[in-house]
């Protein structure tokens, strides 16, 4: 089911079955996608990494994720564009910037708790019903339900990531750091620079991340650079030298050492393995 508004608003909700695969989407401006898996042992490849899903997991995807469907036979999808609902403009309402979307390098995967499952199912049913009502209030109603869905996802993911013991100020600091890394990882490379942008000390950031994350702030920066490098190596025809400069390395040798330390192989070997047609 697809909703199209008068000013380029786009929302698609669909149940994916074995016989229809992942429904082809129209080219969209800044699309965001929720994939809600209904069964265990479904397989999806994202950025050259295979994920085997669990029942009632939700994957949060942006336009930058490179998705290759391996075996999906029972899932629900919500896809919308910025014109339909801009999470950056409405961050004070949904609070998902830097958590569900536009974070550093991690792929947000939400495990729906038993006590929350009925809420997700109810919102999905309301989506389906509202898609059938073509009146002047349909856009507002659909936006309201998407907002509820995003807020519920954010709450569950925060609890899952152990954000609950933190006050809102500390959670917002993590979100802003993640968002800044997503914006500037190509040109800003040190924790001290990001800390200055946040008007905090590097030690404050490190102490905060040690409480809730399995990576340090510097590791988040490095992992985001690696993710971009792997995407460019695996999905484009750009040379290793071009990619090195694009993600902020002054020379290809430094990039090669960094990549091999992180991945265990050289950029050239990775490109030959994942993108042989480009070599």
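Bear in mind that the values in this text are calculations on the coordinates, not laboratory data. Predicted model only: the values in this text are computed from it and were never measured. Heads up, the Cβs are rebuilt from the backbone with ideal geometry, glycines too, and the neighbour counts pull from every protein chain shown.
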Margin query: Ratio of alpha-carbon Rg to the 2.2 N^0.38 Å globular estimate for segment 2-160, to two decimals, please.
Written below: 0.99
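When the helix-only estimate is applied to the chain (DSSP H runs of n ≥ 4, each -39,500 (n - 2.57), divided by the residue count), what is the mean residue ellipticity at 222 nm, nearest 500 deg cm²/dmol?
Computed ellipticity for the chain at 222 nm equals -14000 deg cm²/dmol.
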Next item on the list: Using all C-alpha to C-alpha distances in segment 36-83, build P(r) with 10 Å bins and read off the rounded percent in each one.
Entry: 25, 56, 17, 1
Next item on the list: May I ask for the angle, rounded to the nearest 10°, between helix 202-212 and the longest principal axis of the chain, with both axes built from Cα atoms and the value confined to 0 to 90°?
Entry: 50
Next item on the list: Would you compute, for the Cα atoms of the chain, the largest minus smallest coordinate along each principal axis and list the three values in descending order, in whole Å?
Entry: 59, 47, 38
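Can you tell me what share of the DSSP beta bridges in the chain is antiparallel? A percent to the nearest 5 is fine. Please report the intermediate quantities before stating the final value.
Values: 32 of 33 bridges.
The answer is about 95 percent antiparallel.
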Next item on the list: Write down the Kirkwood hydrodynamic radius of segment 130-279, to one decimal in angstroms, obtained as one divided by the mean of 1/r over all alpha carbon pairs.
Entry: 18.2
Next item on the list: Sort 239, 201 so the one with the fewest other Cβ atoms within 10 Å of its own Cβ comes first.
Entry: 201, 239
Item checked: Extent along principal axes [Cα atoms of segment 80-135; Å; largest to smallest] -> 38, 32, 19
Checklist line | Crossing angle, helix 138-160 versus the chain [Cα axis fit, 0-90 degrees, rounded to tens] | finding: 50
